[in-house]
1. Return one whole number: the accessible area per residue of the chain in Å², for a 1.4 Å probe.
2. Could you pull out every whole DSSP H run in the chain that spans at least 30 Å of Cα extent along its own axis and averages 1.0 or higher on the Kyte-Doolittle scale?
3. Provide the percentage of antiparallel DSSP beta bridges, counting only those with both residues in the chain; round to the nearest 5.
4. Label-point separation (nm) for R120 and Q65, each offset 7 Å from Cα along Cα-to-Cβ?
5. Gain in length, I138 to N57, computed as 0.36 nm per residue apart minus the alpha-carbon separation, to one decimal in nm?
6. Straight-line reach from K184: which lysines fall under 16 Å, measuring Cα to Cα and dropping same-chain residues less than 8 apart?
7. For the range 161-202, what is the convex hull volume of the alpha-carbon atoms per residue, in Å³?
8. Extending each Cα 7 Å along its Cβ direction at F13 and K31, get the distance between those two points in nm, one decimal.
Amino acid sequence: MLFPFYSGYALYFLFSLPALLLGLWAQWKVKSAVNRYSKVRSFLGLTGAEVARRMLNTNGLYNVQVEETNGFLSDNYDPSKKVLRLSSDIFRGNSIAAAGVAAHEAGHALQDQSGYAPLRMRAFMVPSVQIGSWLGPIIFFIGLLLSTPFGTNMAWAGLILFGATALFSVITLPVEIDASNRAKAWLANSGVIYQQEMTGVRSVLDAAALTYVAAAIQAISTVMYYAFILLGRPRRS
Ligand SMILES: [Zn+2]
């Protein structure tokens, strides 16, 4: 028996600790970058709402609405409603951080416009991920407890269901990185953000990208942990 179930907790930490630490570090980096650059007003002084509006308009996306929403870093683009929601700090703020985050969200609208494949795939996966993320582990552990061939099959089904969550977090990576690349390119070319201000934009957006990398590694390591439990336990037939 290579991986006995009773040592599962130690094994779990072995699998998840590096990703967990990376995640905490990335979150700290995002917070400190946002804190720092939300206090620095951009030379042009456009608000996040104005930045997003300009970026959308220059790309012909007059139909996409820009709205204010509650919550810290709750900014998002809703492809089904064609609405770009910016938290108050970003919507009203005229800082370098506000410009960067607003342009990133507008980047998602541009992806939607161009039919960017990973964005479509991610939207398509949302329902199965919503179910799989909670039902997968339940089916997995019930199957494991049954200790029968049927239970083993059930555990594999739970693992695959949960695996969709990991796949989702991997597909999220190109979506997020591409949105930030579009934001950086537009901000620099439009003159809304000057070249010497781009350092701030980059540090906010790159730190945010790192949190998505950490989340993907975390999801993959959880799936691997489940697989090792299943493969390592004694077989009965
Ligand atoms: Zn995003």
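1. Numbers: 12420 Å² over 237 residues.
So the chain comes to 52 Å² accessible per residue, rounded to a whole number.
2. Qualifying helices, which must be both long enough and hydrophobic enough, are 117-146, 198-232.
3. The answer is about 45 percent antiparallel.
4. Here the modelled spin labels are 2.6 nm apart.
5. Contour length minus Cα-Cα distance gives 24.5 nm.
6. Straight-distance partners of K184: none at all.
7. 56
8. 2.3
The values are calculated or read from the model by the stated rules, or taken from the named source; none is laboratory data. In this text the structure is predicted, and so the values were computed from the model without any measurement. Cβ: placed from backbone, ideal geometry, glycine included. Neighbour counts: every protein chain shown. Just the protein is used for accessible areas: all its heavy atoms, side chains included, with ligands, DNA and RNA removed. Shrake-Rupley method; radii C 1.70, N 1.55, O 1.52, S 1.80 Å.
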